[in-house]
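Below is one structure; the comments refer to it alone.
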């Protein structure tokens, strides 16, 4: 087993479910010391039980990444009472579905506040610690941060923003010893589709159940495998990590056909 994270202090957002929970479990098995947060306290309690409540090296905090003041207070508390972070895993995020004309401005604001602004605020708040430890920032974008798809303009916008932020920041911080990794998962078998807020279902989708089944059919990477790929990429201080065969394929199609891919993707999404 790779023990490069043994005794490393790792901060994870969104740890109450999905990919972040899987990363937390994997890191705990590698001997990392964890600061786990989520807005969902029940989910966070479940993660704690899975790790083992008796392992008191870790801390668990309710945190809304859309609240900048809460983030700043959290970072200060970590520095004072827990120690300087070696790694920050920005995983917290949400998904919404709906064509642009059917989606209110408040929905766009919420997606950007959680998926992008919260990630930037967490990175800023913990940067003094990461510069001290020469650590790493791991930002979860998406394959939808590489390609645009209909019905996901707000989500794609947030994930493209994460990608651009990460790639720029990586160049700025490399001379100062901090690595920045932009992660692009394809379909991962989590509850993100079940938990997505829907402003309007895609054309041809009768109900939420059909939407979820479509996602589940495409989500062929397990959270555990995704976590392993992400952690190993972070350990190697990679700048970009693609998760899943579908992510690799779609990224290749985008590079080969940067304009034409949109017609193909739109047809697949509408006809699925």
Subject >> Pair residue 174, residue 56: separation of 7 Å Cα→Cβ label points (nm) >> reply: 4.5 nm
Original post:
Ranking 47, 13 by Cβ neighbours within 10 Å, fewest first, what do you get?
Top reply: 47, 13
Original post:
Helix 18-29 sits at what angle to the longest principal axis of the chain, using alpha carbons and giving 0 to 90 degrees rounded to 10?
Top reply: 30 degrees
Subject >> Cα centroid of the range 55-96 to Cα centroid of the range 109-144, whole Å >> reply: 11 Å
Original post:
In deg cm²/dmol and to the nearest 500, what is the mean residue ellipticity at 222 nm of the chain if only DSSP H runs of at least 4 residues count, each as -39500 (n - 2.57), divided by the residue total?
Top reply: -15000 deg cm²/dmol
Original post:
Say R0 is 41 Å: what FRET efficiency, to the nearest 0.05, do residue 79 and residue 106 get from their beta-carbon distance?
Top reply: 0.75
**OP:** Please quote Rg/Rh for the chain to two decimal places, taking the Kirkwood radius as Rh and restricting both calculations to Cα atoms.
**Re:** 0.96
Original post:
Could you give the length gained on full extension between residue 248 and residue 132, defined as 0.36 nm per residue of separation minus the Cα-Cα distance, in nm?
Top reply: 38.3 nm
Subject >> Residue order, fewest to most surrounding Cβ atoms within 10 angstrom, among 242, 122, 112 >> reply: 112, 242, 122
Subject >> Full-extension gain in nm, residue 4 to residue 41, via 0.36 nm per residue minus C-alpha separation >> reply: 10.4 nm
Original post:
For the pair residue 239 and residue 124, what calculated FRET efficiency results from E = 1/(1 + (r/R0)^6), where r is the Cβ-Cβ distance and R0 = 22 Å, to the nearest 0.05?
Top reply: 0.65
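Over the range 9-271, what relative contact order in percent results from Cα pairs under 8 Å that are six or more residues apart?
20 percent
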**OP:** Rank these for me by crowding, 119, 50, going from fewest to most other beta carbons within 10 Å.
**Re:** 50, 119
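The numbers here are math on the coordinates, done by the rules we state, and not lab data. Quantities reported herein were computed from a predicted structural model and do not represent experimental measurements. Here the Cβ is made from the backbone with ideal geometry for all residues, glycine too, and neighbour counts use every protein chain on show.
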